[in-house]
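What follows is a set of notes on a single structure, which appears directly below.
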Amino acid sequence: MFQIFRGNHEAGQAEGEKPRGIRLRPVGIVVATLAAIGAYTGVILNNISELERERHDFAELQARKILLSFETHTIRLFDLADLYLRSARHFVEQEGGDHLGRFLDRIAPPRSGLYSSTLTVLDRRGRVTFSSNPALIRGADLSDQPVFLHFRNAARDDLLIGAANHSTVGDQQYFHVARPLLNGKELAGIVMLDVHSSQIAAFYRDMTLGPNSSAAIFSLDRKLIARQPPPVADAAPMGSLQIWSDAEARAEGRFRKRSLLDGVERTFLYKRLADHPLVVVIGFADSDLAAGLDGAKRSEIVETTLFTLTALAFAFLVLVMEGRNRRLAEAERASRATAELLERSNADLERFAYVASHDLKTPLRVITGYAQMLDRRYRDKLDEEANEYIAFLTAGTKRMYRLITDLLHYSRINSQAKPLQPVSAARAADIAVSNLKAVIEESGATVTVGGLPTILADESQLSSLFQNLLGNAIKYRHPERKPDIRIEAVRLSGTIWRMAVKDNGIGLEPEHFERIFVIFQRLHADSAYEGTGIGLALCQRIVTRLGGRIWVESKPGEGSTFFFTARDASGD
């Protein structure tokens with residue numbers, strides 16, 4: 001791709017006419033780059049769509065599990081309430097309602113936290129003969145209440161589960177559970193227990209379906225028994241809810257619509273209870289699913305932006321190279337000496353472009369590969385293994401970002417550096433320590449900075465040099481001891497100083513002493529130590545610009561000392 005055109009024009013070519021390949025190549029590069037960006041954007045959009053579908057499927061699977069638990073919870077709630085009512089009724093029949101206080105003192109309801117403290121007994125006329133609620137005085141007339149009318153109209157020994165009151169405040173919602181007192185086939189009274197709707201709140205708080213999820217209990221005669229969160233004040237009538245037409249046809253199922261009780265769009269799962277004339281319902285909100293995907297969508301947007309910028313930067317680099325090639329060809333025809341210099345420069349840029357393109361594609365392959373694995377193996381489910389793949393996607397993106405950042409720093413060592421001037425090495429070291437303060441505190445490292453001289457340097461690059469060496473000392477620390485790092489300086493001559501960064505880390509073998517300064521060369525896998533293989537190459541390039549050299553002395557298991565030389569600020 002990065003061809004340099006040399007020599008004379010072909011016969012018959014007009015003077016100054018550019019080769020056809022040169023004219024068409026930039027257009028092809030731009031078209032190919034835009035096509036690649038468009039294709040990648042399409043993949044990202046498809047990934048987002050797949051993530052939305054998979055998250056919805058996962059939420060529905062979780063909702064089914066919660067619905068099963070809610071069914072068991074509800075059956076147990078009413079079974080225990082019925083057991084307590086039967087015990088209280090037996091006490092009334094044996095000892096009379098006037099002595100129910102002794103019953104309440106001696107016998108607490110099974111799992112009494114499920115109920116309020118209100119136990120009430122009505123006589124056959126609907127008047128209160130006993131109530132543990134001080135607000136209900138003896139003789140109060142409740143004959144117009146639905147719970148009394150139910151048994152007066154049909155005096156049979158069954159369990160009545162009354163509808164919820166109309167309060168929209170969670171801790172003020174309650175419903176009645178009642179059984180009749182019978183004298184043969186005649187109604188002798190009613191014993192009833194108040195159950196607060198908030199008792200399903202404890203179950204509701206344990207749900208993991210999002211803040212806008214809901215749990216509700218309905219009776220088969222279209223009455224709301226309990227719901228968390230409570231309905232809004234202007235909730236629609238129960239008869240208009242879709243659950244009735246579905247529940248009448250099937251014992252369990254699902255549907256999706258905007259709730260008429262609070263206006264939230266949800267997917268509902270319902271199940272009719274076998275032991276009680278009730279339906280339990282669990283709903284999870286579309287808004288919660290969308291909120292859960294915000295992070296993934298932002299990540300995909302960042303990936304797309306990163307890829308777009310990388311592709312544009314690479315295309316720009318290629319176009320720059322094309323222009324450089326043309327200039328080199330013209331310069332070579334004018335002077336072989338100038339052409340040779342330009343060819344060396346072009347070769348350096350070509351090598352950089354190749355390395356950059358090769359390593360920048362690696363994280364994208366990681367993202368694409370694992371995305372395909374997720375799509376192929378987990379189209380209809382999502383489990384811990386899929387979460388691991390997603391983690392790999394994120395790691396690949398982060399690695400690509402670090403590669404681009406480090407490559408940018410590496411390429412700017414000479415192109416955007418400041419002139420060398422007197423710089424306090426102590427100040428540069430302090431800046432590096434300050435930048436790494438959080439990492440130093442987290443690792444428990446001790447950093448000792450000795451007396452350092454003033455040298456000829458670029459302060460920003462010198463602090464970056466110290467920061468890279470300190471960061472490596474902390475990263476490759478020994479697992480059995482805390483990092484102990486020392487920065488020292490020794491004068492070698494009147495104009496040369498030797499700096500040393502010494503640590504007590506894991507050390508390295510002698511055969512790696514030279515290799516570690518080669519760009520992209522790493523001794524450890526990403527799973528063991530994060531990195532891009534550019535840090536020490538960047539250090540070497542900074543030291544070279546200072547007119548010095550850098551090297552390492554180390555023993556495995558004992559630590560390493562990195563040395564570099566620099567010129568004194570007072571020297572020539």
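Computed quantities for the displayed model
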read-out	value
Breaking point among (1) in contact with a strand residue (DSSP E or B) (Cβ under 7 Å, 6 or more places away or on another chain); (2) surrounded by fewer than 20 Cβ atoms within 10 Å (Cβ to Cβ); (3) at pLDDT below 80, for Ala249	(1)
Residues (surrounded by 15 or more Cβ atoms within 10 Å (Cβ to Cβ) and more than 16 Å from Ser49 (Cα to Cα)) located in region 289-312	Leu306, Phe307, Thr308, Thr310, Ala311
Residue in region 249-265 that is nearest to Leu68 (Cα to Cα), counting only those that are out of contact with any helix residue (DSSP H, G or I) (no Cβ under 7 Å at 6 or more places or on another chain) and part of a strand (DSSP E or B)	Glu252
Qualifying residue in region 456-476 (condition: modelled with pLDDT under 85 and either closer than 18 Å to Ile440 by Cα or out of contact with any Asp or Glu (no Cβ under 7 Å at 6 or more places or on another chain) (or both))	yes
Test result for Phe316, aromatic (Phe, Trp, Tyr), modelled with pLDDT of 70 or more and part of a helix (DSSP H, G or I)	yes
Residues (under 16 Å from Ile217 (Cβ atoms) and modelled with pLDDT of 85 or more) located in region 155-174	Leu159, Leu160, Ile161
Filter result (open to solvent by 70 Å² or more (accessible area, probe 1.4 Å), within 30 Å of Gly210 (Cα to Cα) and not aliphatic (A, V, I, L, M)) within region 42-97	Asn46, Glu52, Arg53, Arg55, Phe58, Arg64, Lys65, Arg76, Asp79
Positions within region 483-511 being part of a loop (DSSP other than H, G, I, E, B) and either open to solvent by less than 40 Å² (accessible area, probe 1.4 Å) or not charged (D, E, K, R) (or both), in sequence order	Pro483, Leu492, Ser493, Gly494, Thr495, Asp503, Asn504, Gly505, Ile506, Gly507, Leu508
Residues being assigned to a helix (DSSP H, G or I) and either aliphatic (A, V, I, L, M) or touching a His at 6+ places or on another chain (Cβ under 7 Å) (or both) - total across region 126-154	2
Qualifying residue in region 469-481 (condition: closer than 19 Å to Gly548 by Cβ and part of a loop (DSSP other than H, G, I, E, B))	no
Index of the failed condition, Glu480 passing every other in (1) modelled with pLDDT under 90; (2) open to solvent by less than 50 Å² (accessible area, probe 1.4 Å); (3) over 15 Å from Thr561 (Cβ atoms)	(2)
Close pairs (8 angstrom Cβ cut-off, 6 or more residues apart or separate chains): over 13 Å from Gly162 (Cβ atoms) and without any contact (Cβ under 8 Å) to a residue 24 or more places away in the chain in region 214-226, of a type outside the set (A, V, I, L, M, F, W, C) and surrounded by fewer than 16 Cβ atoms within 10 Å (Cβ to Cβ) anywhere	Arg222/Gly239
Any hit, region 432-451, residues being in a strand (DSSP E or B) and crowded, with 17+ Cβ neighbours inside 10 Å	yes
Contacts under 7 angstrom Cβ, first residue in region 537-561 being at negative phi and aromatic (Phe, Trp, Tyr), partner surrounded by fewer than 21 Cβ atoms within 10 Å (Cβ to Cβ) and at pLDDT 85 or above, 6 or more apart	Trp551/Phe563
Scan of region 263-287 for residues that are of a type in the set (D, E, K, R) and either without any contact (Cβ under 8 Å) to a residue 40 or more places away in the chain or surrounded by fewer than 18 Cβ atoms within 10 Å (Cβ to Cβ) (or both), ordered by number	Glu265, Asp275, Asp286
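Matching residues to (1) touching a strand residue (DSSP E or B) at 6+ places or on another chain (Cβ under 6 Å); (2) at pLDDT 60 or above; (3) in a loop (DSSP other than H, G, I, E, B); (4) closer than 30 Å to Leu309 by Cα:
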| site | (1), (2), (3), (4) |
| --- | --- |
| Gly28 | no, yes, no, yes |
| Ala35 | no, yes, no, yes |
| Gly38 | no, yes, no, yes |
| Ile44 | no, yes, no, yes |
| Ala59 | yes, yes, no, no |
| Thr72 | no, yes, no, no |
| Asp82 | no, yes, no, no |
| Phe91 | no, yes, no, no |
| Pro110 | no, no, yes, no |
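The values are calculated or read from the model by the stated rules, or taken from the named source; none is laboratory data. This structure is a prediction, so every number in the text was calculated from the model and none was measured. Note that each Cβ is placed from the backbone with ideal geometry, even for glycine, and that neighbours are counted across all protein chains shown. With ligands, DNA and RNA removed, areas are computed over all heavy atoms of the protein, side chains included. Shrake-Rupley method; radii C 1.70, N 1.55, O 1.52, S 1.80 Å.
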